[in-house]
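Participant: Before we start, here is the structure in question, set down as structure tokens.
The values are calculated or read from the model by the stated rules, or taken from the named source; none is laboratory data. Fair warning: this is a prediction, and the values are worked out from it, not measured in the lab. Here the Cβ positions follow ideal geometry from the backbone for every residue, glycine too, while neighbour counts run over all protein chains shown. Areas reflect the complete protein model, heavy atoms only, side chains present, ligands, DNA and RNA absent. Shrake-Rupley method; radii C 1.70, N 1.55, O 1.52, S 1.80 Å.
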Amino acid sequence: MTELSTIFNIGLLQNTLRTATPVVLCALGCLMTDHVGMTNIGVEGMMLIGAFSAVMGSWVCSSWWMGLVFAITIGLLLGLFYGVFVIKFKSDEFIIGVALNTFAMGLTTFLLRTLTGQSGTFHAPEGNLSTLPRLSADWLNSIPILGDLLNNNTLLVYVSWILVLVCWLLIYHTPLGFWLRASGEHPQSLRSAGRSPEKMQYLASLICGMLSALAGAHLALGYLSTFSENMSNSRGYIAFACVIFGRANPPKVFLAALLFGFIDALGMRLQSVGISSALTSIFPYIGTVLMMVLVVWRTERRKKKLAQ
Amino acid sequence: MKKIIALILSLVLCLSVMAPALADQPAGPSVAIVVAGTLGDRSFYDSANEGRLKLEADLGLTTTVIECAEDASKFENALVTAAENYDVVVAVGWQFWDALAGNAATPGVPVDFPETKFMFIDNGLDGIGDNLMSVIYAQNQGSYLTGYIAGKMSKTSKIGVVGGQDSDTINDFIAGYEAGAKYANADIAIEKRYTEDFEDPSKGKEAALAMYDAGCDIVFAVAGKTGEGVFEAAAEKNAYAIGVDSDQKYINPDVIICSMVKDVGKSLYNTIANMDENFKGGQIWCADMATGYIGVAYGTEDMPQQVSDELKAEVEVLAQKIVSGEIVVPSTLQ
């Protein structure tokens, strides 16, 4: 039993939350483009560039909020870049996404080495980097478990929760949300209603760039306090999988990301009962594959029901 | 216009390929080091790179570094590219085993380039040819000392270690660390976690946080760049950590109490600077504690020192005993 308590404890839940947050932010961006009918796998690269710009902003201006401003600005530019290629030039969204990811990897590595003269990991030359503040409320501490879980997280963790709600309201309960979805599902009818589907796609692309960059900012200034080459490490792809699994519905996507975080945290802890690390390190990916199988199975079943 | 640009570009390409051949020949051999990961780990690969820079600065050798970014598909090509253009090729990282050893269908890279001297850092491979020298390090001996320090300094009698991968070389560190800790404190509990990733600090941070939460107060990071996360976790939990390969204390002097040093750069420098004497082709050379390439470092004097002078003296005595063979440290290699 003692072994069980070393695995299933408050640390597991905290770990779940920490691991899930960058994925949640990124997935919220990704689901926006999903609604307007764009398959954006470029979120991985957007996240990495976001992480880099956040660290550079924070370092140059010695303030974390300038880091966020940098990340958001660059994120919007990336969204615009993606949008211009996919919407205006009608390039293949998949190719552009892959190109963006490869480009991001090379660009951040190159810029890190030329701008700071460092490679691998960024180490602020004069002292510490300004990182995101941690928030906590005293009254929460009186509640067991919940207090430990909800308190003392970095700013963007709370922002991500609010954003889940905001995105959900935006997509399903505002006219703008209807137009967004219509531009993906039936652009012609949106056009006949006097709205431009392209504008909606641009909007989604911009939001996606911004949120993915925020995910990166969280990774670099909230989760860790450094930039490290390729630090997004496939989290963008996991976010993409969560969007598919949660059918692009923000609360469901949020749960999917939490599930991923949980699997990851659990996998690491299972090593302490003697399960090989080679096996536990692929748990998140096994989880992703199982999620996908479930999605296919559900859609098939729905189709059958409709046919009857 | 396009044709002209294409012409210029291809000219540039040709020239850059020929450049090493055109340059004036310096006194010593030209050296290429090929690292399996990326520079900037402030640990293993950076140590190798320091050795290279020193060769360039002291002896005026032409050198280069090629990074493979943990991409196994690049290993062989990187070695071949290096061998085509340089006299000495240093493969830094045990991951190069397959590319150097070859298989039934294709011989290893050293066989194809008999004129080029190869050094294989961190793995023992022989029987390929007289132009390949393997250097292995007795990291278990150095880790024994850091394990001893951790064992003596732990207040909770519980310490941890984060390994980058469940592999022989990494486990060699861990075996030494465990033995040293047990020698210091027979009742000590040692937790170990592998991140299966040398390049993701977040994973290192999570692994270390879980151990600190479980009551460990000192964690040894044996995971390259992933180890950066261990130091962050230590800072967050006001606990201690131990660095690896290079003297890493400067990264965070308040939490890193010492580092297990595996001086890849120095061994590389000394071998290449005196090729005729020190290059032992066809052999596996073990850099153990007696060679001075393995040890413990405590940063510089202006940094806060957590390890007491008495403990440092004890460590010195232990090191002597390891050199004299009085203490035999367990190993997972050989």
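Participant: Out of every Cα-Cα pair in the stretch B:204-334, what percent are more than 25 Å apart?
Facilitator: That fraction is 38 percent.
Participant: May I pose another question? Tell me which aspartates and glutamates have Cα within less than 17 Å of A:Lys252's Cα, excluding those fewer than 8 residues away on the same chain?
Facilitator: Cα-Cα hits under 17 Å: A:Asp34.
Participant: Here is a follow-up. If one takes the accessible area of chain A alone plus chain B alone and subtracts that of the pair, with a 1.4 Å probe, what total in Å², rounded to the nearest 100, results?
Facilitator: In total, chains A and B hide about 2300 Å² from solvent.
Participant: Follow-up. Given the protein assembly as shown, what percent of its DSSP beta bridges are antiparallel, to the nearest 5?
Facilitator: 15
Participant: I've got another one for you. Just to be sure I understand: with springs between alpha-carbon atoms less than 10 Å apart, which residue in A:Val159, A:Val296, A:Val69 has the highest mean-square fluctuation in the Gaussian network model of chain A?
Facilitator: Highest fluctuation among the options: A:Val296.
Participant: Also, I was wondering about something else. Once you charge only the Cβ atoms, +1 for Lys and Arg and -1 for Asp and Glu, what is the size of the charge dipole of the stretch B:88-157 about its Cα centre, to the nearest 20 debye?
Facilitator: With only Lys, Arg, Asp and Glu charged at Cβ, the dipole is about 600 debye.
Participant: Nearest 10 degrees is fine. How inclined is helix B:2-22 to the longest principal axis of chain B, computing both from alpha carbons?
Facilitator: On a 0 to 90 degree scale, this one is about 70.
Participant: Same structure, new question: Quick one: compute the contact order of the stretch B:20-160, relative version, from alpha carbon pairs under 8 angstrom and 6+ residues apart, as a percent.
Facilitator: Across the stretch B:20-160, relative contact order equals 20 percent.
Participant: Oh, and also: Pairs of alpha-carbon atoms within less than 8 angstrom and 6+ residues apart define the contacts here; what relative contact order does chain B have, in percent?
Facilitator: The normalised contact order for chain B reaches 17 percent.
Participant: For A:Ile95 and A:Ser276, what does the FRET efficiency come to when R0 = 51 Å and r is the distance between their Cβ atoms, rounded to the nearest 0.05?
Facilitator: Efficiency computed from Cβ-Cβ geometry: 0.85.
Participant: In Å and from the alpha-carbon atoms only, list the Rg and Dmax of chain A.
Facilitator: Rg then Dmax for chain A, in Å: 20.1, 69.
Participant: Describe numerically, in nm with one decimal, the distance between label points set 7 Å from Cα along Cα→Cβ at B:Glu310 and at A:Leu290.
Facilitator: Rounded to a tenth, the inter-label distance reads 5.3 nm.
Participant: Could I ask something else about it? Thinking of the stretch B:24-68 as a set of Cα atoms, what percent of all their pairs are more than 11 Å apart?
Facilitator: Counting pairs separated by more than 11 Å, the tail of P(r) holds 63 percent.
Participant: For an R0 of 45 angstrom, estimate the FRET efficiency from the Cβ-Cβ distance between B:Glu277 and B:Met303 and round to the nearest 0.05.
Facilitator: 0.75
Participant: May I pose another question? How long is the stretch A:36-156 along each principal axis, judged by its Cα atoms, biggest number first, in Å?
Facilitator: 56, 39, 21
Participant: Can you figure out the FRET efficiency of A:Lys304 with A:Ile162, using R₀ = 41 Å and their beta-carbon distance, to the nearest 0.05?
Facilitator: Efficiency, rounded to the nearest 0.05: 0.60.
Participant: Tell me the carbon and sulfur percent of the accessible area for the stretch B:234-298, rounded to whole percent, probe radius 1.4 Å.
Facilitator: 41
Participant: Say a paramagnetic label sat at a point 7 Å from the Cα of B:Asp126, along Cα to Cβ; which residues of the stretch B:167-199 have their backbone N under 16 Å from it?
Facilitator: none
Participant: With a sphere of radius 14 Å drawn around the Cβ of A:Met291, what net charge do the other residues whose Cβ falls strictly inside it have (Lys, Arg +1; Asp, Glu -1)?
Facilitator: +2
Participant: Could you state the angle between the C-alpha long axis of helix B:72-85 and the longest principal axis of the C-alpha atoms of chain B, as a value from 0 to 90 degrees rounded to the nearest 10?
Facilitator: Between the helix axis and the principal axis of chain B, the angle is about 50 degrees.
Participant: Report the chymotrypsin sites (Phe, Trp or Tyr not before Pro) located in the stretch A:12-121 that are in a DSSP loop and have at most 15 other Cβ atoms inside 10 Å of their Cβ, or state none.
Facilitator: Those that pass, being in a loop and sparsely packed, are A:Phe89.
Participant: How crowded by other chains is B:34-46, given as the mean number of beta carbons from other chains within 10 Å of each beta carbon?
Facilitator: The shielding value for this peptide is 3.
Participant: Let me understand the stretch B:193-239 better: what is its radius of gyration from the alpha carbons, and its Dmax, in angstrom?
Facilitator: Here Rg and the maximum Cα pair distance are 9.2, 26 Å.
Participant: Using only DSSP helix segments of four residues or longer, with each worth -39500 (n - 2.57), what per-residue ellipticity at 222 nm results for chain A after dividing by its residue count and rounding to 500?
Facilitator: Rounded to the nearest 500, it is -22500 deg cm²/dmol.
Participant: Also, quick follow-up: So how compact is the stretch B:253-327: Cα radius of gyration and Dmax in angstrom?
Facilitator: Answer for the stretch B:253-327, Rg first and Dmax second: 15.5, 45 Å.
Participant: With a ≥ b ≥ c taken as the square roots of the eigenvalues of the C-alpha gyration tensor of the stretch A:70-226, please select rounded if a/c is under 1.5 and otherwise prolate if a/b is larger than b/c or oblate if it is not?
Facilitator: Note, shape of the stretch A:70-226 comes out oblate.
Participant: Tilt of helix B:309-324 relative to the longest C-alpha principal axis of chain B, in degrees (0 to 90, nearest 10)?
Facilitator: Once rounded, one gets 60 degrees.
Participant: Another one. Ordered by packing density, taken as the mean number of other Cβ atoms within 10 Å over each peptide's residues, highest first, how do A:191-199, B:285-293, B:246-254 rank?
Facilitator: Final packing ranking: B:246-254, B:285-293, A:191-199.
Participant: Using protein chains only (no ligands, no nucleic acids) and a 1.4 Å probe, work out which residues of the stretch B:181-198 have their accessible area cut by at least 50 Å² relative to the chain alone.
Facilitator: At a threshold of 50 Å² (probe 1.4 Å), the residues of the stretch B:181-198 that become less exposed are B:Arg193, B:Glu196.
Participant: Please give me the summed charge of the neighbours of A:Arg195: other residues whose Cβ is under 15 Å from its Cβ, Lys and Arg +1, Asp and Glu -1.
Facilitator: That works out to +1.
Participant: 7 Å from Cα along Cα→Cβ at both A:Ser5 and A:Leu111: what's the point-to-point distance in nm?
Facilitator: 4.9
Participant: Among the listed pairs B:Lys158/B:Lys262; B:Lys192/B:Lys321; A:Lys90/A:Lys199; B:Lys152/B:Lys237, which are separated by more than 23 Å between their Cα atoms?
Facilitator: Those over the limit are B:Lys158/B:Lys262; B:Lys192/B:Lys321.
Participant: Classify the stretch A:219-274 as rounded, prolate or oblate, taking a ≥ b ≥ c as the square roots of the eigenvalues of its Cα gyration tensor: rounded when a/c is under 1.5, otherwise prolate if a/b is larger than b/c and oblate if not.
Facilitator: The shape class here is oblate.
Participant: Based on the Cα gyration tensor of chain B, what are the three equivalent ellipsoid semi-axes, each the root of five times an eigenvalue, rounded to whole Å and given largest first?
Facilitator: Output for chain B: semi-axes of 38, 22, 18 Å.
Participant: Relative contact order for chain A: what is it in percent, counting Cα pairs under 8 Å that are at least 6 residues apart?
Facilitator: Worked out over chain A, it gives 35 percent.
Participant: Further question on the same structure: Give the range of the longest stretch in chain B that excludes all GluC sites (Glu not before Pro) found in loop regions by DSSP and having at most 15 other beta-carbon atoms within 10 Å.
Facilitator: Excluding the exposed sites themselves, the longest stretch runs over B:116-300.
Participant: Shape of the protein assembly as shown from its Cα gyration tensor (a ≥ b ≥ c, root eigenvalues): rounded if a/c is under 1.5, otherwise prolate when a/b > b/c, or oblate?
Facilitator: In terms of gyration-tensor shape, oblate.
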